[in-house]
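*Asks:* I have a structure I would like to understand better, so I am pasting it below and will then ask my questions one at a time.
The values are calculated or read from the model by the stated rules, or taken from the named source; none is laboratory data. Fair warning: this is a prediction, and the values are worked out from it, not measured in the lab. No Cβ is skipped: glycine too gets one built from the backbone with ideal geometry, and neighbour counts run over all protein chains shown.
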Amino acid sequence: MSTNEASKGEILGRCLCGEVTFTGKGQVADMHICHCRVCARWGGGPAFGLSFTEGIDFKGPIRWYNSSEWAERGFCTNCGSCIFYRLKDNSVFSVSAGALDDQSLVPPISSHIYVDCKPAYYEFADSAPRLTEEEFLASIANNKDGTGTS
Ligand SMILES: [Zn+2]
Ligand SMILES: [Zn+2]
C-alpha cells in the first residue's frame, strides 16, 4: 500500500487494512471532538471528526450503519475501522482524524461537543471551546454549517 503521496490539494487516508481509501477535497474545514455515548460505543472513545471544505471521496468496502434518525457511520467491512460519519442529508461528512496518512495535516482542535456526556477518566489539555449537548444543538439550530453528531 502506498497511500502516502498526496497530489496537490488532496489529503489521503485509509482504514487499518488498507482496503478502504479516501481523499479529503479542498481544505480541512473543522476538527471537533465528540464525547457523546454513541461515539464512545462506536470507536471506543471520543470521536475525532475532521471535515473538508469540498467533501470526501472514498473507495472500498464501506458499510453504513444507521446510528440515528439523522446520521450514519461508515466502517470497513474487512478490518472494522470506524472511519466515516455523515448526516443523511449530506450536509456534514467527516472522517476520523486518525485515519489520515499524514497526521501533521490535522489542525488543532476547533471544538469539543457533548462535553456533558464525557466520562471522568480522561481530559483534553487544549483550550478549544467546550459545548454541552444543549449548547451544541442550539448552535446548529442557529447555523446550518454546524457539525452533527450521533
Ligand atoms: Zn479495512
Ligand atoms: Zn458523538
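*Asks:* With respect to GLU69, is the statement that it is modelled with pLDDT under 95, under 22 Å from GLU134 (Cα atoms) and part of a loop (DSSP other than H, G, I, E, B) true?
*Replies:* It is true that GLU69 is modelled with pLDDT under 95, under 22 Å from GLU134 (Cα atoms) and part of a loop (DSSP other than H, G, I, E, B).
Every residue, every condition in (1) under 10 Å from SER94 (Cα atoms); (2) more than 16 Å from ligand 2 (Cβ to nearest atom); (3) surrounded by fewer than 17 Cβ atoms within 10 Å (Cβ to Cβ), yes or no:
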| position | (1), (2), (3) |
| --- | --- |
| GLY24 | yes, yes, no |
| GLN27 | no, yes, yes |
| ILE33 | no, no, no |
| VAL38 | no, no, no |
| GLY44 | no, no, yes |
| GLY49 | yes, no, no |
| PHE52 | yes, yes, no |
| GLY55 | yes, yes, yes |
| PHE58 | no, yes, no |
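*Asks:* Which residues, counting only those in region 113-131, are among the hydroxyl-bearing types (Ser, Thr, Tyr) and surrounded by 16 or more Cβ atoms within 10 Å (Cβ to Cβ)?
*Replies:* TYR114
*Asks:* Same structure again: For region 74-96, give me each residue that is of a type outside the set (S, T, N, Q) and in contact with a helix residue (DSSP H, G or I) (Cβ under 8 Å, 6 or more places away or on another chain). Break it down into steps so the answer makes sense when it comes.
*Replies:* Within region 74-96, the first condition is being of a type outside the set (S, T, N, Q), and the residues that meet it are 74-76, 79-80, 82-89, 92-93, 95.
Those that are of a type outside the set (S, T, N, Q) and in contact with a helix residue (DSSP H, G or I) (Cβ under 8 Å, 6 or more places away or on another chain): CYS82, ILE83.
*Asks:* Also, I was wondering about something else. Would a scan of region 106-123 turn up a residue that is part of a loop (DSSP other than H, G, I, E, B), within 14 Å of ligand 2 (Cβ to nearest atom) and at pLDDT below 95?
*Replies:* no
*Asks:* PHE75: within 12 Å of ligand 1 (Cβ to nearest atom) and not hydroxyl-bearing (Ser, Thr, Tyr), yes or no?
*Replies:* Here the answer is yes, as PHE75 does meet what is asked.
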